[in-house]
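Notes follow the structure.
The values are calculated or read from the model by the stated rules, or taken from the named source; none is laboratory data. Every value quoted in this text rests on a predicted model; they were computed, and no experiment measured them. Cβ sites come from the backbone with ideal geometry, for glycine too, and all protein chains shown count toward neighbours.
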There are 2 protein chains.
Amino acid sequence: MTGTEVLEGRVRDENGAAIAADLTSHGVRVVGTAVVDDTQASIEAAVSAALAGDVALVVVTGGLGPTHDDRTMAAVAAVAGLPLDEHPVALARIRDTMSSVRLRASDATREAAARKQALVPRGALSLPPPGTAPGAVVAVGDQTVVVLPGPPWECMASWVHAVQTDRVRALIEGAGGGAPIVLRIAGVIEPEFIEALDDPMWHAQGLEVGVCAKPGELELTIRPDDAVGRSLEAHLDLVFPGAIFSRDGALLEQVLGAALVAQGQTLVTAESCTGGMIGARLTTMPGASAWYLGGVVSYDDAVKRELLGVPGHVLRDHGAVSAETASAMAEGARDRLGATWALSITGIAGPGGGTPQKPVGLVYVGVAGALGTTTRELRLHGDRERIRLRACTMALHLLREVVTG
Amino acid sequence: MTGTEVLEGRVRDENGAAIAADLTSHGVRVVGTAVVDDTQASIEAAVSAALAGDVALVVVTGGLGPTHDDRTMAAVAAVAGLPLDEHPVALARIRDTMSSVRLRASDATREAAARKQALVPRGALSLPPPGTAPGAVVAVGDQTVVVLPGPPWECMASWVHAVQTDRVRALIEGAGGGAPIVLRIAGVIEPEFIEALDDPMWHAQGLEVGVCAKPGELELTIRPDDAVGRSLEAHLDLVFPGAIFSRDGALLEQVLGAALVAQGQTLVTAESCTGGMIGARLTTMPGASAWYLGGVVSYDDAVKRELLGVPGHVLRDHGAVSAETASAMAEGARDRLGATWALSITGIAGPGGGTPQKPVGLVYVGVAGALGTTTRELRLHGDRERIRLRACTMALHLLREVVTG
């Protein structure tokens, strides 16, 4: 991972996390990731240090652009003790991509950029470039260095190609550690969990257990995925009945979508303080249109009245942030849009707008269905984004509970 | 940065990026970040390696929980050659926090957890804990190690406390490198930019220039922020007139919000393929209610007809993904919700749903105002999330162009 932009935190290092997750899901143990600045010396030092750790694979992303500042190929070549060669197939591919894009750049600039980006360490395999920067698979003795472009989309597309090369595929198949059991748990807080897990029996049987707290849920990872691992899962079902809502790593929105599809039901949303976050999250998944119809972002009270039919007296008497308004929002969305279920959310995300009676973090969620409407009051802590994220997750959990009975 | 969950990519390392961004904005040069697994040996090795690099400050996050697996304090103490002491103020604070939360855990478990989490390297400053895990500021000779809890909200809240300690504040004030000029640019692609910047004059004058491509925009960082730096900005204004839309680091949604507030205008949205992402993004900022009223997520065509009044014949004759539908969505949202402006978006985010005539990545955006409606056709590439993100950004740019004339 390289790049001054990443280091300074203006770009998040998505690539490292995504590749580590992919390798882990194939049973490869990832021993570390690092972000370094984009000077050749820093990249060489990081790649050398990684190879010295006796790992089978080092993945380096970023620094493959056309400018003199893009030094990753040169750094990897130096570490491997190989010269840089112009790769004819890579050059042809880059010229082809460049010719399909209208650039204001001169022909000379363009050709210089293409030649720079076609350089690979001698003997390396050049990967098909999703943009104009081809990655490469470089053998360094028994070890392998995979070099990928930095922009996340190009990086992940190149990674798919890299994984299909004989060298990387053999390495991943050879790892064979198997994916862990991933359980997602709602309604239980971390200290309770720790107590339930703090039984020497599980350690004695060689289980590796990790607990990770996420906004509104816990993620538990159990290795290996065998009879002993599954017996811990059964133990947790006894101690926390109904708390495990996902046993195969599926996300909350996937669990919910599957339940709605199975029952032939549909959902609409009415969001105030979350401004559309629930809709955005539900539609991240392809195929959401089978059960999610859409909804209303009723940020302003006028929208609550006009599009959701929330009565003016409810807003006047109870306020926009109240169980009564949450209820009216959900019922209005359900009636007007003709869905099986409607989920509503209204609250004070802060930092301003709180009062002693209705502090920042007070959120009401509502679920309207054929048999009536359920509301829940939440009192959340943290900054604006944390309150909004937790509110979304907890609203979706309330919906999941109601939908799955 | 520690934690097996982070390494495996199930949790993104937000903390490292956020702290690096904060330090950079104060002119501190961040030389590297690393993610390691949560064994004591790995944490000790990473902290030792960082201190060996002759840095003034090392920030370690995560691994402060109550279990025997949480080894960060022990690792930092070992590196510093200090014993671990129970910190009486920390212990009192943790007991206080625990007593305010209903836990299923027994008193003994709770007290053991509190005592474990109150341990700090001898002489270290314990930071007020936002949760139950206090961070610490540890002096190691002239160098400083700051230890922070892992959950992002707790981490950032603790970081605010750490920055206020004499030791860390002096260090940051002493750096004094000054923040860079950050320019955001729309409508120009990276190779054009590289050509404009590829003038030896800027290098000769000692400017450090970084270009970072983001979905739909470029971010340019120029160091130092002085007369020479600002002369490069003026040069870019000549070469790419109107392309720089932010000169102080403000994000697109902040620029847009400021323009609307200045003109006393309001905005509503009508989103199809983005499912609420634009509303969610606009409401990330406190105070958005001054100019953003809300909108409709018209994922299903029935919602386009019923809540936005898109005529059935427009949907039949032109399809849901068409300039005509985008136009009708924007006009319907503006009329029904009474805003100055309405922004609409409809498209095919994929991976399914594309045809030869209307491929995945085809998106129409519309802006309706008092003087009429403008639409724009986008043809985007990449996976579903990339298409949705770029569509949001480009829709907001179209709106910005129209709103600012």
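Of note:
Yes/no matrix, rows are residues, columns are (1) more than 24 Å from A:Pro152 (Cα to Cα); (2) in contact with a Gly (Cβ under 7 Å, 6 or more places away or on another chain); (3) in contact (Cβ under 8 Å) with a residue 60 or more places away in the chain; (4) of a type in the set (Gly, Ala, Ser):
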{"site": "B:Leu207", "(1), (2), (3), (4)": "yes, yes, no, no"}
{"site": "B:Ala213", "(1), (2), (3), (4)": "no, no, no, yes"}
{"site": "B:Glu217", "(1), (2), (3), (4)": "no, no, yes, no"}
{"site": "B:Arg230", "(1), (2), (3), (4)": "yes, no, no, no"}
{"site": "B:Phe240", "(1), (2), (3), (4)": "yes, no, no, no"}
{"site": "B:Leu252", "(1), (2), (3), (4)": "no, no, yes, no"}
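- Matching option when the condition is free of Cβ contacts under 8 Å to residues at least 24 places away in the same chain and surrounded by fewer than 18 Cβ atoms within 10 Å (Cβ to Cβ), among A:Ala45, A:Ala18, A:Ala56, A:Ala50: A:Ala45
- Single match in A:Val268, A:Val321, A:Val297 (criterion: at pLDDT 95 or above and farther than 25 Å from B:Arg305 by Cα): A:Val321
- B:Gly123, sole failed condition from (1) out of contact with any helix residue (DSSP H, G or I) (no Cβ under 7 Å at 6 or more places or on another chain); (2) at pLDDT 85 or above; (3) crowded, with 23+ Cβ neighbours inside 10 Å: (3)
- The requirement of being over 26 Å from the mean Cα position of the chain (by Cα), at pLDDT 95 or above and assigned by TED's automatic domain parsing to the domain that holds B:Thr325 is not satisfied by B:Leu396.
- Considering the conditions (1) in contact (Cβ under 8 Å) with a residue 24 or more places away in the chain; (2) touching a strand residue (DSSP E or B) at 6+ places or on another chain (Cβ under 9 Å), B:Gly279 is excluded by exactly one of them, (1).
- Any hit, region B:161-178, residues being within 14 Å of chain A (Cβ to nearest Cβ) and not in a helix (DSSP H, G or I): yes
- Some residue of region B:131-139 being without any contact (Cβ under 8 Å) to a residue 60 or more places away in the chain, in contact with a Leu (Cβ under 7 Å, 6 or more places away or on another chain) and closer than 20 Å to B:Ile43 by Cβ: yes
- Region A:59-91: number of residues that are in a strand (DSSP E or B) and surrounded by fewer than 22 Cβ atoms within 10 Å (Cβ to Cβ): 3
- Region A:280-309, subset closer than 29 Å to A:Leu252 by Cα, more than 7 Å from every other protein chain (Cβ to nearest Cβ) and not charged (D, E, K, R), residue surrounded by the most Cβ atoms within 10 Å (Cβ to Cβ): A:Leu308
- Some residue of region A:138-146 being within 23 Å of the chain's Cα centre (by Cα), assigned by TED's automatic domain parsing to the domain that holds A:Glu44 and modelled with pLDDT of 80 or more: yes
- Among the residues making up region B:224-243, those that are of a type in the set (Gly, Ala, Ser) and within 27 Å of the chain's Cα centre (by Cα) are B:Gly229, B:Gly242, B:Ala243.
- Test for A:Arg316: is it at pLDDT 95 or above, over 24 Å from B:Ile348 (Cβ atoms) and either charged (D, E, K, R) or not assigned by TED's automatic domain parsing to the domain that holds A:Leu343 (or both): yes
- Verdict on A:Gly27 being among the small types (Gly, Ala, Ser), within 26 Å of the chain's Cα centre (by Cα), more than 8 Å from chain B (Cβ to nearest Cβ) and buried (at least 21 other Cβ atoms within 10 Å of the Cβ): no
- Residue in region A:338-345 that is surrounded by 24 or more Cβ atoms within 10 Å (Cβ to Cβ), under 30 Å from B:Cys155 (Cα atoms), in contact (Cβ under 8 Å) with a residue 60 or more places away in the chain and not assigned by TED's automatic domain parsing to the domain that holds A:Ile185 present: yes
- B:Ala258 passes every criterion in (1) more than 11 Å from chain A (Cβ to nearest Cβ); (2) surrounded by 15 or more Cβ atoms within 10 Å (Cβ to Cβ) apart from (2).
- B:Asp38 vs. criteria in contact (Cβ under 8 Å) with a residue 12 or more places away in the chain, buried (at least 17 other Cβ atoms within 10 Å of the Cβ), over 27 Å from the mean Cα position of the chain (by Cα) and within 13 Å of chain A (Cβ to nearest Cβ): no
- Scanning region B:95-115 for residues that are of a type in the set (Val, Ile, Thr), modelled with pLDDT of 90 or more, assigned by TED's automatic domain parsing to the domain that holds B:Thr39 and farther than 22 Å from A:Gly210 by Cβ turns up nothing.
- On inspection, B:Arg334 passes the criterion of being buried (at least 23 other Cβ atoms within 10 Å of the Cβ) and touching a residue at least 12 places away in the same chain (Cβ under 8 Å).
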